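Peer 1: Got a structure for you, questions after.
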Amino acid sequence: MASLDRRQFLLGSVATLAAGSAAGAQTSKLLSRRPGYGAAATLWDLQADPRLGEAISTYCTQIVPVLELKWPMLRPDPHTFAFERADAILDFARQNGLTMRGHTLAWYHDIPDWTKQIKETKAAERAFVDHISTVVAYYKDKLTSWDVVNEPIPDNPRKITDRRDCYWSSMLGQRWIPLAFRTAAAADPFVKLAINEYDIESAKDSFIAKRAAYRNLIQELLDQGVPLHAVGLQSHLHAELEIDKDGLAAFVAEVRSWGLEVLVTELDVDDQKLSGDPAQRDTIVAKRVDDLLTAITASGPLNSILSWGISDRYSWINGTFKRPDKQPNRPLPLDGNFQPKPLMDVISKFTKAT
């Protein structure tokens with residue numbers, strides 16, 4: 001099938017989905033969008049289940065693609081940029097009055113096999129720069145922000161200067177991080193550029209060490225004049241771990257004092273280690289998120305909260321972290337039948353639903 005035909009097929013599917021979303025909105029008049037709230041979704045899930053599009057268009061003001069802007073899907077080979085699937089999500093966003101943000105331009109984890117065949121530094125740099133330049137320029141004036149560098153800190157840093165080892169660091173050294181930001185800014189001087197990281201919210205030693213290393217990297221980038229505008233807190237929370245409210249609030253306040261915005265980019269809560277019935281677990285999950293958002297907003301408002309999915313039915317957590325009792329995790333604001341849970345009440349509280 002030719003590229004144009006693929007694009008027409010994808011856009012046709014999304015047009016049908018948008019019509020379903022509009023119909024769903026008419027039957028949900030008592031619900032309103034949560035300003036600044038958004039959710040991640042894949043095109044596959046949007047096309048397969050109209051309820052997902054209806055939920056996002058009902059509750060959200062923004063959307064982010066889970067997979068469609070990552071290297072493997074966007075770059076099947078060195079000579080191809082396959083924008084059709086991400087474009088289809090962007091069209092869904094526009095048809096439903098949503099904005100879209102980009103995820104992600106540079107990540108240690110998810111790169112296509114063809115990049116790993118590049119063994120020469122200059123060639124690796126050309127591929128890296130060409131990818132970021134082309135993608136950001138293609139979406140210039142279309143997206144609100146980009147996760148430029150994703151998860152640059154190792155899980156158990158021994159010192160604050162530790163950075164995650166990856167293909168890009170092996171080829172380009174640690175300059176791959178500032179290079180990504182400078183390349184993105186050159187392609188679109190007006191889009192908001194963010195760095196993004198997880199597991200910094202609790203008082204567990206490894207989380208405190210990671211938070212310190214993240215802070216050090218952010219400060220280092222700013223000292224180098226790197227065009228960094230926002231700090232992403234993924235917030236993949238662990239339900240059994242309490243939020244380090246004082247430590248997180250201090251981190252956020254300091255980052256804001258440097259002129260940076262703070263974004264919650266991938267919110268969900270893994271409850272695999274919680275006992276109790278679903279209602280009890282839902283209460284704890286909501287409390288963790290309430291504590292998280294209370295700490296973040298102690299020094300100022302939070303204008304963007306994105307959950308990594310909106311319904312438990314389409315959460316990566318249920319495919320990755322199995323509960324011992326075989327029951328599904330309940331990590332997101334809506335349950336598997338798209339009914340709101342206490343977590344949605346917390347999101348409404350911090351987004352001032354109208």
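Peer 1: Is it possible to state the helix-based mean residue ellipticity at 222 nm for the chain, with each DSSP H run of 4+ residues giving -39500 (n - 2.57), the sum divided by total residues, to the nearest 500 deg cm²/dmol? What is it?
Peer 2: Rounded to the nearest 500, it is -14000 deg cm²/dmol.
Peer 1: Could I have the simple spin-label model distance between Arg126 and Gln339, label points 7 Å from Cα toward Cβ, reported in nm to one decimal?
Peer 2: 5.9
Peer 1: Just subtract the alpha-carbon distance of Trp44 and Arg175 from 0.36 nm times their residue separation and send over the number in nm, one decimal.
Peer 2: Working it through step by step, the gained length comes to 43.6 nm.
Peer 1: Follow-up. For the chain, give me the percentage of DSSP beta bridges that are antiparallel, rounded to the nearest 5 percent.
Peer 2: 5
Peer 1: Please give the length that would be gained between Ser32 and Asn156 if that part of the chain were fully extended, namely 0.36 nm times their separation in residues minus their C-alpha to C-alpha distance (nm, one decimal).
Peer 2: Length gained, Ser32 through Asn156: 40.5 nm.
Peer 1: Can I ask one more? If R₀ is 35 angstrom, what is the calculated FRET efficiency for the pair Thr294 and Gln219, using the beta carbon separation as r and rounding to 0.05?
Peer 2: For Thr294 and Gln219, the calculated efficiency is 0.90.
Peer 1: Could I ask something else about it? Starting from 0 in steps of 10 Å, tell me what percent of the Cα-Cα pairs of the stretch 3-351 lands in each bin.
Peer 2: 5, 25, 34, 26, 9, 1
Peer 1: Within a 10 angstrom radius of the beta carbon, how do Val264, Val269, Val255, Val148 rank from fewest other beta carbons to most?
Peer 2: Sorted ascending by nearby Cβ count, the order is Val255, Val264, Val269, Val148.
Peer 1: Let me ask something additional. Length gain on complete extension for the stretch Ala186 to Gln327, per 0.36 nm per residue less the alpha carbon to alpha carbon distance?
Peer 2: Extending this stretch completely gives an extra 46.0 nm.
Peer 1: Then there's this: 5 Å is the cut-off here: which amide hydrogens, built 1.01 Å from N in the peptide plane, fall below it relative to Val262, excluding neighbours closer than 5 in sequence?
Peer 2: Sorted by chain and number, the residues that satisfy this are Val231.
Peer 1: List every DSSP H helix in the chain whose Cα atoms extend 30 Å or more along the helix's own long axis and whose mean Kyte-Doolittle hydropathy is at least 0.0.
Peer 2: Helices meeting the criterion: 3-26.
Peer 1: Can I ask one more? Given the options Asp312, Asp205, Asp268, state which has the largest fluctuation in a GNM of the chain using a 10 Å cut-off (strictly under) for Cα springs.
Peer 2: Residue with maximal mean-square fluctuation among Asp312, Asp205, Asp268: Asp205.
Peer 1: Using the charge dipole of the stretch 3-351 (Lys, Arg: +1 at Cβ; Asp, Glu: -1 at Cβ; taken about the Cα centre), state which of Thr104, Gln117, Val136 has its Cα farthest towards the positive end.
Peer 2: Val136
Peer 1: Based on alpha-carbon centroids, what's the gap between the stretch 88-150 and the stretch 29-60 in Å, whole number please?
Peer 2: 23
Peer 1: Given springs between every Cα pair under 10 Å in a Gaussian network model of the chain, which of Thr80, Thr283, Thr121 has the largest fluctuation?
Peer 2: Thr80
Peer 1: Continuing with the same structure: In whole Hz, with x marking every Gly and Pro, tabulate ³J(HN,Hα) for the stretch 146-157 from phi via Karplus 6.51 cos²θ - 1.76 cosθ + 1.60, θ = phi - 60°.
Peer 2: 10, 7, 6, 10, 10, 6, x, 9, x, 5, 10, x
The numbers here are math on the coordinates, done by the rules we state, and not lab data. Keep in mind it's a predicted model, so treat the numbers as computed, not measured. Ideal geometry is used to build each Cβ from the backbone, glycine not excepted, and the neighbour counts take in all protein chains shown.
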